[in-house]
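Visitor: Here's a structure for you.
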Amino acid sequence: MTQPPLTIVNQINAEFGAFLAGLDGAPRVIDQAGTDRPWELPEETDVLFTRARGWRAAPDTPPALPRLKWVQTYSAGIENYPDWLKNGRIVTTGRGLTSPQIAEYVLAAMLRVEKDLDRLRARSPADWTESPLGTLEGKTLGVVGYGAIGQEVVQRAAGFGMRILASRRSAWTSPDPRVTACADARAVVAESDHLVLALPLTDQTRRSFDAEMFALARPGQHLVNVSRGGIVDQEALMAALDSGRLSFATLDVTDPEPLPEGHPLWTHPKVLLTPHVSYIGGPEMARFRTKTRDNLRAFLAGTPMTDVVSLDRGY
């Protein structure tokens, strides 16, 4: 007996819905792009393609979704989605879609601190003087979270001749010769000139960068956070900046987003705050289509899928 086509709900955009309809198995696609109530799904939904926006307002009581077997998110993190959406079904993420662009942002942030081109800009003959400049060569880069983003950062930083330390939660099954693997984040923090946070937000990592952690930092350290704002205790961060323990912080994420009007991080002289844009600028939709095609084929064949969430570890 012929199986009916899958019913896929698309909450990405209209163009992606057309792409889905042409994939293996000729799935039936229901477009919900732009919805502000993404949890309101048809009961016949087999597969959901969604993104993080709107899910924080989801009710605690799950809707009846007896056929929903697989959720593919566009986002890499899963903290915005309700537990009932993640439990009892396959969840795969958009891990790696924007990692190259985020890594470019990180390198730009480090170069901005070291070179400070705005300060050097000459506007008259009186400005035609030599000033000291920093360098990335020989500096120590610390990467906390050696996933897709961390690996892309390392690839670029190695070309600048940096010494690179990294920590990760999972085992180092394939050591990277460019990286000195550290047992935990504390060891990375203690030796880094530039420290990049690229780890997921979980119960274990929430506010893990607190006063105790910043007290370990190499004096004058530059912090770059491109993961989640909730990883950092923002009061402790400002105290570390004010004391001089940290020289600067480049933050593309905050908690909450955006910060409330009048929050001191908006205008802190040692902070560059950007509106969670580090991921923008690359062919992430083309990468998402490739991931989608491959995961759909694996789902239909019952073979392993990529970037499957482990609820035990939280990502």
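Visitor: Name the GluC sites (Glu not before Pro) in the range 77-167 that are in a loop by DSSP and that have at most 11 other C-beta atoms within 10 Å, would you?
Guide: Passing both the DSSP loop test and the Cβ count: Glu130, Glu137.
Visitor: Oh, and also: Distance from the Cα centre of the range 196-257 to that of the range 87-122, in angstrom?
Guide: The distance from the Cα centre of the range 196-257 to that of the range 87-122 comes to 16 Å.
Visitor: Looking at the chain, send over the antiparallel percent of its DSSP beta bridges, to the nearest 5. All intermediate terms of the calculation are to be shown ahead of the outcome.
Guide: Details: 1 of 39 bridges.
About 5 percent, rounded to the nearest 5.
Visitor: So, one more: Mind pulling the angle between the C-alpha long axis of helix 148-158 and the longest principal axis of the chain? Nearest 10 degrees, somewhere in 0 to 90.
Guide: 30 degrees
Visitor: In what sequence do Trp128, Trp39 fall when counting other Cβ within 10 Å, fewest first?
Guide: Numbers: Trp128 7, Trp39 20.
So the residues, fewest neighbours to most, are Trp128, Trp39.
Visitor: What does the convex hull of the Cα atoms of the range 243-315 come to per residue, in Å³, rounded to a whole number? Let's see the in-between values first.
Guide: Details: hull volume 12.3 nm³, N = 73.
About 168 Å³ per residue, rounded to a whole number.
Visitor: Which angle between 0 and 90 degrees, to the nearest 10, do you get for helix 99-115 versus the longest principal axis of the chain when only C-alpha atoms count?
Guide: Long axis of 99-115 versus the principal axis of the chain: about 10 degrees.
Visitor: Just flag the trypsin sites (Lys or Arg not before Pro) in the range 277-315 sitting in loop per DSSP whose Cβ has no more than 12 other Cβ atoms within 10 Å.
Guide: Working: sites: Arg287, Arg289, Lys291, Arg293, Arg297, Arg313; in loops: Arg313.
Qualifying residues, ordered by number: Arg313.
Visitor: Only helical DSSP H runs with n ≥ 4 go in: add -39500 (n - 2.57) per run for the chain, normalise by residue count and round the 222 nm mean residue ellipticity to 500 deg cm²/dmol. Mind dumping the intermediate values first?
Guide: On the way: 9 runs with 83 residues, N = 315.
Calculated mean residue ellipticity at 222 nm is -7500 deg cm²/dmol.
Visitor: What are the equivalent ellipsoid semi-axes of the range 1-157, built from the alpha-carbon gyration tensor (square roots of five times its eigenvalues), in whole angstrom, biggest first?
Guide: So the three semi-axes of the range 1-157 are 47, 16, 16 Å.
Visitor: Size of the dipole of the range 198-315 about the Cα centre, Lys and Arg at +1 and Asp and Glu at -1 on the beta carbon, nothing else charged, in debye to 20?
Guide: About 560 debye.
Visitor: Expressed as cubic angstrom per residue, what is the convex hull volume of the alpha carbon set of the range 99-273?
Guide: 130 Å³
Visitor: If I fit a long axis through the Cα atoms of helix 284-301 and take the longest principal axis of the Cα atoms of the chain, what angle between them do I get, 0 to 90°, rounded to 10?
Guide: Relative to the chain, helix 284-301 is tipped by roughly 40 degrees.
Visitor: Based on the Cα atoms of the chain, what semi-axes does the equivalent ellipsoid have, where each is the square root of 5 times one gyration tensor eigenvalue, given in whole Å with the largest first?
Guide: Semi-axes, largest first: 40, 20, 20 Å.
Read-outs: derived from the displayed coordinates by stated rules, not from any lab. Given the structure is predicted, the values throughout are model-derived calculations rather than measurements. As a convention, Cβ positions derive from the backbone with ideal geometry for all residues, glycine included, and neighbour counts pool all protein chains shown.
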